[in-house]
Amino acid sequence: MTRKYCVLILAVTIVACALRLPRLVQRPMHGDEAIHAVKFGQLLEHGTYIYDPNEYHGPTLNYLTLIPAWLTSAKNLTEVNEFTLRIVPVFMGVTLVLLVLLISDGMGPRAAIYAALLTAISPAMVFYSRYYIQEMLLVCFNFGLIASGYRYLRSKNILWALFAGIFAGLMHASKETCIIAFGSMLLALLITLLTRNQKNYFSDAVKSIKPLHLAAAIGAAVVISILFYSSFLTNPRGILDSVRTYSTYFNRAGAETVHIHLWYYYLKTLIYYRYDSGPIWTEAIIVILALIGFIAAMAKKVPLSTDVNLLRFIAFYTLIMTIAYSVIAYKTPWCMLGFLHGMILLAGVGAVVLIRLVTGKLPRLIIILLLSGATVHLTWQAYLSNYKYYADSRNPYVYAHPTTDVFTLVDRIEYYFKAHSDGRHMSIEVICPGHDYWPLPWYLRSFTRVSYIDKITNDELPAPLIIASPTVEADLKKKFYDESIPFEKRHLYMYLFEESPYYVWLRPKIKLLGFVRKDLWDAAHQGPDPNDLIKSTSEK
């Protein structure tokens, strides 16, 4: 790749950073983000990580977060903020842009640059690059494996085989759905080799891989996976659990009805989405250009400077991934990133092919202007989704997401704890059936006596401050006025949210009520002692 193209890739990388880095603390933490953050806190504070085969996915996210935590000198979770956590997927999102350099000679420099640009500005890619979950890590490692594998096939250098193995190990250590990508890669490679017209090409391709290099790649993958799942050899059971986990996830794929969607859910989200009075969201230009790139790769109507076998592999891989994720009933929008990135690579090829197909200066200029306009529109959507509709259900990538009312709740708690003699050791109760209170443990992490329960109990007196689901309000009020409690120990309670309707939205359709004990309410609303004011004035 010439210096000119390297400068363009650098410019694209700057765009990727500009869209991903600002205001990382602005969006409320998603419940999944908060769960991963609290689990990371155990690793940061106690130096221990135990892989759970039933929840939380792989350990790479937790261990990689140690790097920014150490760089900011954080010793416990209260010293960690959203920037420290979210900078990890941001880094992976930007790295995904740069990795295209490894296959630029196979794609062609112009296609590679446009693919890098689409990766940088895709609203979905930008939004989930700022999400503290495993998905962006998995997509980055997926592409790292493909790119390293391609470099090995071009050079037969054992270092690229080792890199491919490392990326494969990181994929496995990131998320259980890596097996979909592994299967798609193997099947795509097989189809690519079998559809070659050259006689004995498949057997020759297999023979060209040196057994020592293959063993090195597999060994690197196994070592990386074992190190992470065993918590760096401190939890050997984690290795077995990394295999046993698949029984859980195979069952979950069709069992959790709340995440069951129709087969076209992902494609509909990408092509056209509008909810209520919100804006129209579309990444249709990527899907259309990807289709053009797919057809060109199948028909071998691509520039002579490109590697048609690489393009056909990417085409088959993307098609298989798209079908696999569409068939699986369990769907969340971030799961589509794997095949969306494949579409983006094909879209880079499709854009170049489309421009070459058009003859005449004026028609070609029109196509270039249309592509430029679509690119600007994608960038504008990326801005809107991350900086205006970042917690708005009218954004297709905001999924089961907490509202900004979470900040109101936290502000009210911060207001009242200052008036309590125990300060941050003040007792707080969070009562939500089904433990549906996330991400509150993240926001209340600095309070040492927070109880998270799913039903009302009469074992103890009510806490000075209570957050509760409306479904337990009746039982809670019975507890407030329980006649079995001695009169002198009873307390009146006031609403924590003092203005009607006296509740906040945790998520759409999920309300939370708040109650504060009357003596604490009085203490918080009481003005300063007049004698103290006179004394401070006289001292001045």
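Scanning region 15-46 for residues that are outside any helix (DSSP H, G or I), open to solvent by 20 Å² or more (accessible area, probe 1.4 Å) and hydrophobic (A, V, I, L, M, F, W, C) yields Leu21, Val25. The sole residue among Tyr389, Tyr383, Tyr325 that is at pLDDT 95 or above, over 26 Å from Ile9 (Cβ atoms) and open to solvent by 20 Å² or more (accessible area, probe 1.4 Å) is Tyr389. Looking at Gly293, Gly342, just one residue is within 20 Å of the chain's Cα centre (by Cα), surrounded by 22 or more Cβ atoms within 10 Å (Cβ to Cβ), among the small types (Gly, Ala, Ser) and closer than 20 Å to Ala188 by Cα, and that residue is Gly342. Just one residue in the set Thr65, Thr2 is over 19 Å from Val94 (Cα atoms), in contact (Cβ under 8 Å) with a residue 24 or more places away in the chain, hydroxyl-bearing (Ser, Thr, Tyr) and touching a helix residue (DSSP H, G or I) at 6+ places or on another chain (Cβ under 8 Å); that residue is Thr2. Being over 20 Å from Thr318 (Cα atoms) and among the small types (Gly, Ala, Ser) is the filter; apply it to region 130-162 and report the residue that is most open to solvent (accessible area, probe 1.4 Å). My answer is Ser155.
When region 404-421 is filtered for residues that are crowded, with 19+ Cβ neighbours inside 10 Å and among the hydroxyl-bearing types (Ser, Thr, Tyr), only Tyr416 remains.
Assess whether Leu102 counts as being open to solvent by 10 Å² or more (accessible area, probe 1.4 Å) and not hydroxyl-bearing (Ser, Thr, Tyr). The answer is yes for Leu102. Sub-6 Å Cβ pairs linking a first residue in region 402-423 that is farther than 18 Å from Gln526 by Cα to a second residue that is assigned to a helix (DSSP H, G or I) and open to solvent by less than 30 Å² (accessible area, probe 1.4 Å), at least 6 apart or interchain, are Val410/Tyr443, ordered by first then second residue.
Here region 267-282 is the region considered, the condition is being more than 14 Å from Pro123 (Cα to Cα) and part of a helix (DSSP H, G or I), and the residue that is most open to solvent (accessible area, probe 1.4 Å) is Lys268. In region 230-243, the residues that are at positive phi form Cβ pairs under 7 Å with partners that are open to solvent by 90 Å² or more (accessible area, probe 1.4 Å), at six or more places apart or across chains, as follows: Ser231/Ile50.
The values are calculated or read from the model by the stated rules, or taken from the named source; none is laboratory data. These figures come from a predicted structure and were not determined experimentally. FYI the Cβ positions are ideal-geometry reconstructions off the backbone, even for glycines, and counts take in every protein chain you see. To get the accessible areas, we keep the full protein, side chains included, count just its heavy atoms, and leave off ligands, DNA and RNA. Shrake-Rupley method; radii C 1.70, N 1.55, O 1.52, S 1.80 Å.
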